[in-house]
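Asker: Let me begin by handing over the structure; questions about it come next.
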Amino acid sequence: MKKAIITIGREFGSGGRLIGKRLAEDLGIPFYDKEIIDLSAKKSGLSADFIASSDERAPSAFSLGISPTIGDTIGYFMQYDAPASDRAYLAQTAVINELAEKESCVIVGRGSGFILRDHPDRVSLLFHAPLDDRIRRAAEEYGLDEPGLADKIIKVDKTRSNFIKRYTGENWMDARSYDLCINTSKLGIDGSVAAVKEYLAHR
């Protein structure tokens, strides 16, 4: 397989993270999710807890006025004292760009597909499913009670959407932003993994 930086966008409860993990295992390439938080903390000097929660905080103006894929963003925000939430995003952006230059890998979330939109090896995936199916999957996977779970799922997705819009200006659920969009209720986990591998073989 030629080099592929596989970025995973996913609705909560769609199984996207599990699919990404399976892909990384099957392809023998690194898998990055929470690991990006620790790497970003080391790079920026911010705490891992702060970075982990940065996309749940009240929206702040992303006032740096530069492309997150161009230049030494870490040096920029250190020099101009950007707001902490913006520094957290820029730290993750720098880490994601560095990982993409090293080798094939799978990166889950954090706007990675948008950050790497111009990278020649990017393969941007979006996993989605009807809300009822996502409620059932989330209840099983995370041991959550179904009553009230719909509101929680909608809130998580709204947070993700706002994060992408705030920092990239893009619509998170716009299919045109992705190379491949998969309804996991139609294909299931195994079928979704197989579909992505088939796509990779023919890209």
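The values are calculated or read from the model by the stated rules, or taken from the named source; none is laboratory data. Keep in mind that what you see is a predicted model, and the values were worked out from it rather than measured. FYI the Cβ positions are ideal-geometry reconstructions off the backbone, even for glycines, and counts take in every protein chain you see.
Asker: Within segment 94-114, how many residues turn out to be modelled with pLDDT of 95 or more and part of a loop (DSSP other than H, G, I, E, B)?
Answerer: 1
Asker: With S124, S192, S185 as the choices, which residue is outside any loop (DSSP other than H, G, I, E, B), touching a Pro at 6+ places or on another chain (Cβ under 8 Å) and modelled with pLDDT of 95 or more?
Answerer: After ruling out the rest, the residue left standing is S185.
Asker: Something else about it: Out of I182, I135, I164, I need the residue that is closer than 27 Å to K42 by Cα and either buried (at least 20 other Cβ atoms within 10 Å of the Cβ) or in contact with a Leu (Cβ under 7 Å, 6 or more places away or on another chain) (or both). Which one?
Answerer: It is I164.
Asker: Just name the residue that is surrounded by the fewest Cβ atoms within 10 Å (Cβ to Cβ) out of those in segment 24-52 that are farther than 21 Å from N97 by Cβ and of a type in the set (G, A, S).
Answerer: G28
Asker: Restricted to segment 1-23, and to residues that are buried (at least 21 other Cβ atoms within 10 Å of the Cβ) and of a type in the set (A, V, I, L, M), which residue is farthest from K165 (Cα to Cα)?
Answerer: L23
Asker: Quickly run through segment 143-170 and pick out the residues that are over 18 Å from S53 (Cβ atoms) and part of a helix (DSSP H, G or I).
Answerer: L149, A150, D151, I153, I154, K165, T168
Asker: Could you tell me whether segment 152-160 includes any residue that is closer than 20 Å to K21 by Cα, surrounded by 15 or more Cβ atoms within 10 Å (Cβ to Cβ) and over 13 Å from the mean Cα position of the chain (by Cα)?
Answerer: No, that holds for no residue.
Asker: In this structure, is S54 at pLDDT below 80, not hydrophobic (A, V, I, L, M, F, W, C) and not in a helix (DSSP H, G or I)?
Answerer: No: the conditions fail for S54.
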